[in-house]
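Read-outs: derived from the displayed coordinates by stated rules, not from any lab. Bear in mind the structure is a predicted one, so any value in this text is a computation, not a measurement. A quick note on method: Cβ atoms are made from the backbone with ideal geometry, for glycine too, and the neighbour counts reach across all protein chains shown.
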Amino acid sequence: MIDFNNKGFFKLKQNDEYAERVRSLLLDGEQVIDAYKSMRDGVVFTNKRIIAVNVQGITGSKKDFTSLPYKNIVAYSIETSGTFDLDSELEIYFSSLGQVKFEFTGKTSIVEISKHISKHVF
């Protein structure tokens, strides 16, 4: 499970590898919006939730999947990339769980992700 006490997440880079890894977990009508990968872990944004994948162990065969439904988000903020700073950030506050912060590097669909979150928050 995501460590809610550790507010940061490794720098994530757009990568479809984790979209395939969570395909079997998707609900009927659920679609992947975008997928990101850090060194070993990944995050997948769907039209219904965020799925965080924590790869464990030396071989990486054991994985922890944390489902974070958009409906449980009470507030969020985004920081878009700039001219020289290509990194962007997403901070999400979940009711009864706490805060999660995702840091992205390179090309990121942060505005599209924000729109999907807004559909469920407001």
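Tell me, Leu25, Leu12 in order of fewest to most beta-carbon neighbours within 10 Å? Walk me through the numbers before you get to the answer.
Details: Leu25 14, Leu12 23.
Listing Leu25, Leu12 from fewest to most nearby Cβ atoms yields Leu25, Leu12.
Identify all lysines with a Cα-Cα distance to Lys62 below 22 Å; exclude those on the same chain that are fewer than 8 residues away in sequence.
Cross-link targets: Lys11, Lys13, Lys37.
Could you state the orientation-averaged shadow area of the convex hull built on the Cα atoms of region 11-121, in nm² to one decimal?
Value for region 11-121: 7.2 nm².
Would you work out which of Val74, Thr105, Ser88 lies farthest towards the positive end of the dipole of region 11-121, given +1 charges on the beta-carbon of Lys and Arg and -1 on that of Asp and Glu, about the Cα centre?
So the residue furthest toward the plus end is Val74.
With springs connecting C-alpha atoms under 10 Å apart, model the chain as a Gaussian network and identify which of Ile78, Ile92, Ile58 has the largest mean-square fluctuation.
Ile58
Would you calculate, for the chain, the mean residue ellipticity at 222 nm contributed by helices, counting each DSSP H stretch of 4 or more residues as -39,500 (n - 2.57) and dividing by all residues, to the nearest 500? Before the final figure, lay out each step's value.
Values: 2 runs with 17 residues, N = 122.
Using -39500 (n - 2.57) per qualifying helix, the result is -4000 deg cm²/dmol.
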